[in-house]
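Take a look at the structure set out below.
Every read-out reported here was derived from the displayed coordinates using simple, explicitly stated rules and does not represent laboratory data. Just so it is clear, the model here is predicted, and its values are computed rather than measured. Backbone-built Cβ (ideal geometry, glycine too); neighbour counts: all protein chains shown.
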Amino acid sequence: MKRGASLLIAAIAVIGIFASPGMGAQLLARFDGGIGVIPVSSGVGQGLQADNVTRNIVRGVQPPGQIWVIRDLKAVVQADGQIRVDGRGLLLGGGNNIGGNAGASVFATLICETSPQFVEHSTTLDVPLEANGDFRIDDVLVPAPPLECASPVLLIRNAANSAWFAAGIRGD
C-alpha cells in the first residue's frame, strides 16, 4: 500500500512539473513522446550491402553511426528559453553494445526553421545517461528561441559529437 501511494505521489509531481509552465512564462512548444534515430534513411545496392546510402540528417544535424531507441520523452519549452526534458530509456538499439547507454551524455536542441537557414537553440549543460537510459534536462536554450516557433523540432544529441539520438513528438 505504501509503495502504491509513493508511486501516485511521484506521478502527480511529474505531471505537475509538465502541466504548469511556470510563473507567467509563455509556452513555446510541448513534446509528448520520442522517436529514436535510425542513422540511414535509405539505401540502394544489390545483395546484402547497400552501395549508396542516405544519412538521416534532420535540419542539418547528423545522426550517429548506430540505431538508438527511446521509451518515452516529455518536454516543455518556454518562450524565454527555459526547457525541461524528461527522457526514459535512451539506449543503443543495435550493435554489440545493444541495450547499453555507451557512457553517453546528452543535450537538447530546438530548431524552429524549416529552411536551410537553421538556427540551433541548445541547452548549455550536458547530462549523463543513467544506466537504463533515463535523463533529465532542466536548463535554458542558447541562443534564446524566437517568440514564435511554427515548426518546432526537438533533438536529443550526443555531447561527444553532437549527433542526434532521439527526437521529440510534438504535443498540443
Practice task
For each of 113, 148, 130, count neighbouring Cβ atoms within 10 Å of the residue's Cβ, then give the residues from fewest to most.
Solution key: 148, 130, 113
Problem - residue 118-residue 161 pseudo-label distance in nm [points 7 Å out on the Cα-to-Cβ vector] - result: 1.6 nm
Practice task
Quick one: which residues, 5 or more positions from residue 100 or on another chain, have an amide H under 5 Å from its amide H? H modelled 1.01 Å from N in the peptide plane, none for Pro or chain starts.
Solution key: 92
Problem - Folded to 0 to 90 degrees: helix 2-19 orientation relative to the chain principal axis, Cα - result: 80 degrees
Practice task
Rounded to whole Hz and in sequence order, give me ³J(HN,Hα) for the stretch 88-99 from the Karplus expression 6.51 cos²θ - 1.76 cosθ + 1.60, θ = phi - 60°, writing x for Gly and Pro.
Solution key: 10, x, 7, 9, 4, x, x, x, 5, 9, 3, x
Exercise for the section: State the extension gain, in nm to one decimal, for the chain segment bounded by residue 42 and residue 105, taking 0.36 nm per residue of separation less the distance between their alpha-carbons. Expected result: 19.9 nm
Exercise for the section: Kindly provide the helix-only [θ] at 222 nm of the chain, computed as the sum of -39,500 (n - 2.57) over DSSP H runs of four or more divided by all residues, to the nearest 500 deg cm²/dmol? Expected result: -3500 deg cm²/dmol
Problem - Label point distance in nm, residue 169-residue 51, each placed 7 Å from Cα along Cα→Cβ - result: 3.8 nm
Completion exercise
Sorted by chain and then number, the residues having a modelled amide H within less than 5 Å of the amide H of residue 141, at least 5 places away or on another chain, are 82, 83
